[in-house]
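Only one structure is covered here, and it is reproduced in the block below.
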Amino acid sequence: MNFVKRQLSGKGFINKEDFSLFSIARSVDAAVKSIEDFYRVYHSIRYVPGLAVLRLNREISRKTLKFINNEFKDILNTGEIRLSPPTEKEVKEGEFLDLPRLAMDFNMRDYGRLCEMIRLINKD
């Protein structure tokens, strides 16, 4: 961690938000809990041209949707984060059609912030 802070963050190779891409577990139980927590509501992501689709294990509240739109507009190229049906490609390939989804025009750059948003969604 000291190396990452000093050499990567300290020299401007990564942003402070990039620290959200990982966590350090001090035990196997802590590592398992971290993984389980990450997939509590979040299931998976699918990229289709111009769209990132987050598949969820259950719907999130309208309050959470409004909050993430206010807090995470910086990770979007345009528009807002919205509820979405499966994309045509997902339907064609039969990918988790029963799961609720969020769709957005993600900037494909701020993955640390995207992980922060996923962690927030998992608290809903």
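The values are calculated or read from the model by the stated rules, or taken from the named source; none is laboratory data. Keep in mind it's a predicted model, so treat the numbers as computed, not measured. Please note: Cβ atoms are built from the backbone with ideal geometry, for glycine as well, and neighbour counts cover all protein chains shown. Accessible surface areas use protein heavy atoms only, side chains included; no ligands, DNA or RNA. Shrake-Rupley method; radii C 1.70, N 1.55, O 1.52, S 1.80 Å.
Only residues that are over 18 Å from P49 (Cα atoms) and either aromatic (F, W, Y) or surrounded by 16 or more Cβ atoms within 10 Å (Cβ to Cβ) (or both) were counted across region 85-113, and they come to 5. For the subset of region 82-115 comprising residues that are in contact with a helix residue (DSSP H, G or I) (Cβ under 9 Å, 6 or more places away or on another chain), without any contact (Cβ under 8 Å) to a residue 60 or more places away in the chain and not hydrophobic (A, V, I, L, M, F, W, C), which member is nearest to E17 (Cα to Cα)? The residue in question is R109. If the condition is being outside any strand (DSSP E or B), modelled with pLDDT of 95 or more and among the β-branched types (V, I, T), then region 10-59 contributes V28, V32, V41. Could you list, in sequence order, the residues of region 19-47 that are out of contact with any strand residue (DSSP E or B) (no Cβ under 9 Å at 6 or more places or on another chain) and either open to solvent by less than 30 Å² (accessible area, probe 1.4 Å) or among the β-branched types (V, I, T) (or both)? Passing the criteria: S20, I24, V28, V32, I35.
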